[in-house]
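Shown next, in structure tokens, is the structure this report addresses.
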Amino acid sequence: TRMTPPTKTPERTLKGLGVRNVEKAEKEEEKEVIVDDETLLSQITGIGKARLKDKFDVDITDYQLDGIVDYFAMVETKDRNIPNKNKNISASGHFQMTNDATRTAANRTIKALSRNDFKIPTWLKEVQKGNTHVMDLSRNRQKMLLLGELLEHDGSDEYWERIGKGEAQGVKDLWTKLWHTTENVDDDVLASAETNRDQYDNMLERLFRKD
């Protein structure tokens, strides 16, 4: 018995059916989503502040958030966009985010924005996918990732409640217990934090002054 060879669908038919290069076509059709940084930062912080207000009846100000970001940057890198000198650690950027931490921060930020029906900019999706390295981002975008992570992290609430009640130590504990954890200790960073304690303490004191 002679077997009939399988019929090969002409390429032009596949094209017509939309079968060939579907993934490529979808990528080409996907339009870049742009949200200006000022608006996006306001959305990220607004979501976090509203959640904390609702849960703890505390008011976290933008001034305090900016100061906390500056504190983290100064303690971690003296606010420099640099890689970690330990080549075995992927931490880098102003806040020393590892590759995994960067993607996690993007994921948490995207979830918060989606939950509130805000647009997700393309650059943030690219970070989530691991296609963009943190050091290739501006400081402002690194700041958004940091705040998205800290404001949405499940274990951060106890520190934000203390911060909202005026406790500067809450910021320090947010850094040591949630960000620069003992499992990933960099002795030089801790030594620098100790050496410059007065300077960093003054930074925090300014955030909680009532005058």
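None of the figures in this text is laboratory data; all of them are computed from the coordinates on show. This structure is a prediction, so every number in the text was calculated from the model and none was measured.
Which entries in K53/K143; K31/K53; K78/K143; K177/K210; K49/K143 show an alpha-carbon gap greater than 24 Å?
On the way: K53/K143 21 Å; K31/K53 36 Å; K78/K143 15 Å; K177/K210 27 Å; K49/K143 16 Å.
Those over the limit are K31/K53; K177/K210.
Given segment 41-168 reduced to its alpha-carbon atoms as identical point scatterers, what log10 I(q)/I(0) does the Debye formula return at q = 0.10, 0.14, 0.16, 0.19 Å⁻¹?
-0.31, -0.60, -0.79, -1.08
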